[in-house]
Amino acid sequence: MAASAHVSRVRSMYKRILVLHRFLPIDLKALGDQYVKDEFRRHKTASPEEVKSFMTEWESYKDTLQAQVLESAGERLSSVKFGTDLSDGKLNDFQGDQIGQLYELMLESTKPNRQFDIQEDRK
């Protein structure tokens with residue numbers, strides 16, 4: 001029963017994050033959705049210790065994004081800053097390949113001409 005409760009909790013968080021991404025600018029939504037899908041898939045076979053850390057960090061991300069979405073209600077998306085800075089302590093917890101992945105994500109999300117050239121359907 002504990003395993004099914006865990007799976008339910010993971011699915012619920014995964015779905016909630018994807019719902020919150022709907023409020024991001026379209027290019028960040030595409031980048032974020034792909035990143036979330038890849039990360040959750042990558043951690044399907046993680047150890048219990050890794051899962052605990054993984055869930056804690058994604059819960060924090062969800063809470064931060066939810067607060068930012070609520071604060072941004074009614075404002076122009078182009079004027080809203082989503083995300084947060086990482087402390088040195090958090091950065092020291094990352095492994096080398098994670099630092100590289102984080103750096104690539106930062107580069108992609110801050111480029112003036114992002115890789116994703118997605119047009120919103122405005123009716």
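Going highest first, how would you order 17-27, 98-108 by mean Cβ packing within 10 Å?
With the highest mean Cβ count within 10 Å placed first, the list reads 17-27, 98-108.
If you take every residue apart from residue 19 with its C-beta less than 12 Å away from the C-beta of residue 19, what net charge results, scoring Lys and Arg +1 and Asp and Glu -1?
+4
Suppose every Lys and Arg Cβ carries +1 and every Asp and Glu Cβ carries -1, with no other charges. What dipole size does the chain come out with about its Cα centre, to the nearest 20 debye?
For this selection, approximately 600 debye.
Could you work out what % of the accessible surface of the chain is carbon and sulfur, using a 1.4 angstrom probe and leaving DNA, RNA and ligands out of the count?
Of all accessible area on the chain, carbon and sulfur atoms account for 51 percent.
With +1 on each Lys and Arg Cβ and -1 on each Asp and Glu Cβ, and nothing else charged, work out how big the dipole of region 37-97 is about its Cα centre, in Debye to the nearest 20.
Values: 9 positive and 13 negative charges, 64 e Å.
Its charge dipole is roughly 300 debye.
So which lysines pass the test for residue 81, namely a Cα distance under 24 Å, with those fewer than 8 places away in the same chain ruled out?
Result set, ordered by chain and number: 15, 29, 37, 62, 90, 111.
Take the Cα gyration tensor of the chain, multiply each eigenvalue by 5, square-root it, and list the three semi-axes largest first, rounded to whole angstrom. Intermediate results must be reported in sequence, preceding the final value.
On the way: eigenvalues 134, 70, 41 Å².
Here the semi-axes work out to 26, 19, 14 Å.
At q = 0.13, 0.30 Å⁻¹, what is the log10 ratio I(q)/I(0) for region 25-72, with the Debye formula run over Cα points and no solvent?
-0.37, -1.11
Keeping every protein chain present and rolling a 1.4 Å probe, give me the accessible area per residue for region 1-100 in Å².
Per residue, region 1-100 has an accessible area of 70 Å².
So if each residue of separation counts as 0.36 nm, and I subtract the Cα-Cα distance between residue 57 and residue 84, what length gain in nm does that give?
Separation in residues times 0.36 nm, less the Cα-Cα distance, equals 8.4 nm.
The values are calculated or read from the model by the stated rules, or taken from the named source; none is laboratory data. These numbers were taken from a predicted model, which means no experiment stands behind them. Don't worry about glycine lacking a Cβ; one is built from the backbone with ideal geometry, like all the others, and counts go over all protein chains shown. Note: areas computed on protein heavy atoms with side chains; ligands, DNA, RNA excluded. Shrake-Rupley method; radii C 1.70, N 1.55, O 1.52, S 1.80 Å.
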